[in-house]
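Scroll down for the structure; my scribbles are underneath it.
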Amino acid sequence: MNLERAKRLGYAPLLAMAMGFMMLRTLIVAHFLPLNEFANYSTGLLISGSFCMLACLGLQPLLQREMPVMMVRGRFKSSAALLAQCIVVASGCAALALVLAFAGVRAPSFPVHVTLLGLMHGLSQQCFIIATIESRSRWETMRYAYQNLARGLAVVMISTLLADFTRAAYPILVAEIIITLSLAQLILWKAFRRIGFRYISAIRLALNRFRRVQWKAAATLLLISVITFALLNVDRWAANQFLSSTRFALYSFAAIILVISGATQVLINASAYPMLARRFAANGAMAAFRVSWKLSVGLGVAGIVAYGPAYLALTAGTRLLYPQYAESAGLMAIFLVVGILRISDFWSSFLVITGQESRLLLLNVLSVILGLTTWVVWAQPWRDSPSPIDVAMLALVLNVFSYLLVSTTAFRFCRGKNKG
């Protein structure tokens with residue numbers, strides 16, 4: 001029993017390594033590419049992430065929620081159908097987006113070739129996410145970690161070679177598309193075989209069962225995905241639209257801090273979320289709240305203590321290894337604060353575990369509205385083009401509102417439980 005548990009927990013270092021490779025590839029690309037090419041690369045990744053925001057019109061989070069239950073209950077045919085439906089919808093969304101891009105329906109600052117590559121990159125990322133849900137649903141965490149590690153290692157090796165050889169963004173994006181899409185299709189082929197289907201048979205089944213899809217639940221999950229994406233990435237869209245190519249490159253480089261903080265939160269939450277769920281199931285909301293409070297406050301205090309040394313190390317390292325990005329020091333000072341807020345937010349997990357998903361969605365919507373309104377009144381972008389610092393403040397304002405609203409709601413929820 002302990003050996004089996006140790007094997008399942010052993011995925012964490014491998015998954016951390018895989019995430020590390022994906023972040024390292026961005027740093028390597030930033031090192032080799034000129035500023036304007038790194039801006040193109042970052043734009044491609046922004047479009048890619050924006051496409052993934054669609055989450056197969058909500059079917060991907062629905063699959064993530066339903067497939068583990070289907071596996072336990074032996075509903076393998078239903079799991080194969082939903083898995084294939086995600087692939088069909090993702091491909092359909094990509095095809096429609098590509099047609100619109102060719103027709104000129106795209107952001108003015110996006111060249112058509114960057115838009116097309118970004119959309120294909122997003123499709124490859126979406127397919128990989130869908131494919132790896134099968135291993136997570138079976139609770140085969142080591143297989144899931146190895147799948148991510150294989151992609152991370154392949155991407156960082158090929159990206160390094162191409163960045164050094166071509167000094168251009170487009171070959172790197174094409175290579176990442178080919179690697180990720182190929183791995184995703186291989187994983188999907190094996191996943192369908194484990195379930196007991198051929199790939200093409202699962203696609204036919206998916207098309208025949210589209211009437212059975214829980215579209216109402218999918219629409220809710222899609223809305224959550226869109227609002228969460230807006231909360232985390234609206235500043236990058238603003239940076240792309242308001243800033244010059246060189247300034248956007250500086251902004252994207254400094255924003256790697258936010259990628260690292262997000263990955264750190266995911267790794268911590270991989271073990272913290274099940275622990276919170278068990279505490280809630282065994283001892284009630286207050287027990288789970290106490291764990292959330294300790295994690296949030298503890299990591300927040302640790303982040304504040306580490307802020308000064310981290311800022312000095314980052315700026316010194318940037319001047320030494322990335323002198324072309326030395327002007328991003330002011331952005332790093334802001335992004336470190338945003339990173340601390342994101343890493344130390346376990347109030348959101350608490351609200352989800354206690355069944356407050358709808359309330360959390362409303363809080364995120366309110367955070368976006370309040371944050372954007374406050375920033376627009378303060379920055380007044382219609383008068384002067386915002387600076388990179390101005391845009392970074394948008395990220396800070398959004399995350400401050402989100403943290404305050406969610407933590408306050410968690411406190412009030414527990415106070416109500418105590419009085420009840």
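The values are calculated or read from the model by the stated rules, or taken from the named source; none is laboratory data. Quick caveat, the model's predicted, so the values are computed rather than measured. Note that each Cβ is placed from the backbone with ideal geometry, even for glycine, and that neighbours are counted across all protein chains shown. The area values use the complete protein model at the heavy-atom level, side chains included, leaving out ligands, DNA and RNA. Shrake-Rupley method; radii C 1.70, N 1.55, O 1.52, S 1.80 Å.
Legend: residues I177, I268, sorted from most to least accessible area (1.4 Å probe; ligands, DNA and RNA excluded), read I268, I177. Calculated mean residue ellipticity, 222 nm, the chain: -29500 deg cm²/dmol, from DSSP H runs (n ≥ 4) at -39500 (n - 2.57) each, averaged per residue and rounded to 500. For the chain, the relative contact order comes to 20 percent (Cα pairs under 8 Å, sequence separation of at least 6).
Spin-label model, L24 to Q185: label points 7 Å out along the Cα-to-beta-carbon direction sit 2.8 nm apart. Backbone phi angles across segment 95-101, fed through the Karplus curve with coefficients 6.51, -1.76 and 1.60 (θ = phi - 60°), yield HN-Hα couplings of 4, 5, 5, 5, 4, 5, 5 Hz in residue order; Gly and Pro are listed as x.
Paramagnetic label reach from N208 (point 7 Å along Cα→Cβ; backbone nitrogen cut-off under 18 Å): within segment 58-78, residues 75-78. Here the chain has 67 percent of its accessible surface on carbon and sulfur atoms, given a 1.4 Å probe and all protein chains in place. Lysine pair count for the chain with Cα-Cα distance under 24 Å and sequence separation of 8 or more or different chains is 5.
Taking all protein chains together and rolling a 1.4 Å probe, E327 ends up with roughly 150 Å² accessible. When the surface is traced with a 1.4 Å probe over the full set of protein chains, L243 keeps roughly 20 Å² accessible.
Using 0.36 nm per residue and subtracting the Cα-Cα separation, the extra length available between I178 and K216 on full extension is 10.3 nm.
Think of the chain as a dipole: +1 on every Lys or Arg Cβ, -1 on every Asp or Glu Cβ, centred on the Cα centre; then among L183, G339, T141, T141 lies furthest on the positive end.
Segment 214-419 has equivalent-ellipsoid semi-axes of 32, 21, 14 Å, by the square roots of 5 times the alpha carbon gyration tensor eigenvalues, sorted largest first.
For the pair segment 117-132 / segment 366-420, the C-alpha centres are spaced 30 Å from each other.
Ranking H113, H121 from most to least accessible surface, computed with a 1.4 Å probe over the protein chains only, gives H113, H121. For the set S182, S78, the ranking by accessible area, highest first and with no ligand, DNA or RNA atoms included, is S182, S78 under a 1.4 Å probe. How high is the FRET efficiency between L320 and S91 when r is their beta carbon distance and R₀ equals 30 Å, given to the nearest 0.05? The value I calculate is 0.10.
Rolling a 1.4 angstrom probe over the protein heavy atoms, how many square angstrom per residue are accessible across segment 1-213?
On a per-residue basis, 45 Å².
A probe of 1.4 angstrom, applied to the heavy atoms of all protein chains, finds K190 with accessible area near 80 square angstrom.
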